[in-house]
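Before any comments, here is the structure.
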Amino acid sequence: MKNSSKLIIGLVCCSSLLFAADMGTNNAKVPNIKMKDTGLSFKEIQDYTDYSIVATHFRKDKNELRYILANKVAYKALKENKVVMPDGSKIVKIGWSVKDMPTFPSALEADKIQRVEYMIKDKTKHKESDGWGYARFVKKDGNYQAWSGDPKSCVSCHAIVKSNDALFTKFQRVF
C-alpha cells in the first residue's frame, strides 16, 4: 500500500473519532440556523452522523481534510455509479483542519471541524442550480453559523463537473 493510501485511511479513522467526539452521540442536536439566500437549514441534515462515508478529499488550497458522507439514497446511487443522482440525495462534506500527529510524526491527523457543507437534490425546488441546493455552516469560536457568502459561488464551482451531476465525489471503494 502506498504511503498516501495509509495516510488517507488513518485520517479517515481519526476524523471519524474526532467527529464523534465533537458532536457527542448520534442524538446530538445541530443548531437551528438557516442559509440566508437558500433557506436551507442545518436541521435538514440533522441525522448526518448516521450517513455513510463515501470518500475523503484533501483541499490543498485550504489545507483541509474533508470526508464526504451520503444519506442512504445518495449512497446507493454513488455505489451503483449513477451519473444522475435521484431526488432526496444528500451529500455532506465535513472540513477539518489538520495537525501533525504526535504519535506518528510523518503523519497528519484531523484537528478541528472548520465547516459542514451539504448538497441536497430536489429538481423541483432547485431548478436554477441543476437540481441541487447548497448550504454551508462555518464553525467559529466553537459555534456554527450560516456562511455569509453567496451560494451562487457553489453553483458556479460545481458547474465544472456538470457532466457528473455537479459532484466532484466518486464512491471510493476499499476493496
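The values are calculated or read from the model by the stated rules, or taken from the named source; none is laboratory data. The structure presented is a predicted model; accordingly, all values stated were derived computationally and were not measured. So basically every Cβ, Gly included, is an ideal-geometry build from the backbone, and we count neighbours across all protein chains shown.
Going by what's in this entry, would R115 be described as buried (at least 17 other Cβ atoms within 10 Å of the Cβ) and of a type in the set (K, R)?
yes
Filter the stretch 137-155 down to the residues that are at pLDDT 95 or above and of a type in the set (G, A, S) and list them by number.
Matches in the stretch 137-155: A146 only.
Report every pair of residues separated by at least 6 positions or lying on different chains whose Cβ atoms are under 7 Å apart, first residue within the stretch 131-148 and polar (S, T, N, Q), second in a strand (DSSP E or B) and crowded, with 16+ Cβ neighbours inside 10 Å.
Q145/F137; Q145/V138
Being within 17 Å of G131 (Cβ to Cβ) and more than 14 Å from the chain's Cα centre (by Cα) is the filter; apply it to the stretch 79-95 and report the residue that is surrounded by the most Cβ atoms within 10 Å (Cβ to Cβ).
M85
I'd like the residue in the stretch 159-175 that is within 17 Å of G131 (Cα to Cα) and among the polar types (S, T, N, Q) and, out of all such residues, is farthest from the chain's Cα centre (by Cα).
S163
When you check K76 against the structure, is it among the basic types (K, R), modelled with pLDDT of 95 or more, surrounded by fewer than 19 Cβ atoms within 10 Å (Cβ to Cβ) and in a helix (DSSP H, G or I), yes or no?
yes
So how many residues does the stretch 130-163 have that are hydrophobic (A, V, I, L, M, F, W, C), under 14 Å from D37 (Cα atoms) and part of a helix (DSSP H, G or I)?
Final tally of qualifying residues: 2.
For the stretch 96-108, name all the residues that are outside any loop (DSSP other than H, G, I, E, B), touching a residue at least 24 places away in the same chain (Cβ under 8 Å) and surrounded by fewer than 22 Cβ atoms within 10 Å (Cβ to Cβ).
Answer for the stretch 96-108, where residues must be outside any loop (DSSP other than H, G, I, E, B), touching a residue at least 24 places away in the same chain (Cβ under 8 Å) and surrounded by fewer than 22 Cβ atoms within 10 Å (Cβ to Cβ): S97, V98, L108.
To keep it simple, each residue is scored yes or no on (1) over 13 Å from F171 (Cβ atoms); (2) touching a residue at least 60 places away in the same chain (Cβ under 8 Å); (3) among the β-branched types (V, I, T).
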{"site": "V54", "(1), (2), (3)": "no, yes, yes"}
{"site": "L65", "(1), (2), (3)": "yes, no, no"}
{"site": "I68", "(1), (2), (3)": "no, yes, yes"}
{"site": "L78", "(1), (2), (3)": "no, yes, no"}
{"site": "M85", "(1), (2), (3)": "no, yes, no"}
{"site": "G88", "(1), (2), (3)": "yes, no, no"}
{"site": "K93", "(1), (2), (3)": "yes, no, no"}
{"site": "A110", "(1), (2), (3)": "yes, yes, no"}
{"site": "E117", "(1), (2), (3)": "yes, no, no"}
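Could you tell me whether any residue of the stretch 48-55 is over 16 Å from the mean Cα position of the chain (by Cα) and under 22 Å from N164 (Cβ atoms)?
No, every residue in the stretch 48-55 fails to be over 16 Å from the mean Cα position of the chain (by Cα) and under 22 Å from N164 (Cβ atoms).
Restricting attention to the stretch 122-158, and to residues there that are among the β-branched types (V, I, T) and surrounded by 12 or more Cβ atoms within 10 Å (Cβ to Cβ), which single residue is nearest to the chain's Cα centre (by Cα)?
By that ranking, first place goes to V138.
All but one of (1) over 22 Å from P86 (Cβ atoms); (2) in contact with a strand residue (DSSP E or B) (Cβ under 9 Å, 6 or more places away or on another chain); (3) part of a loop (DSSP other than H, G, I, E, B); (4) touching a residue at least 12 places away in the same chain (Cβ under 8 Å) hold for K29; state the number of the condition that does not hold.
It fails just one condition, (2).
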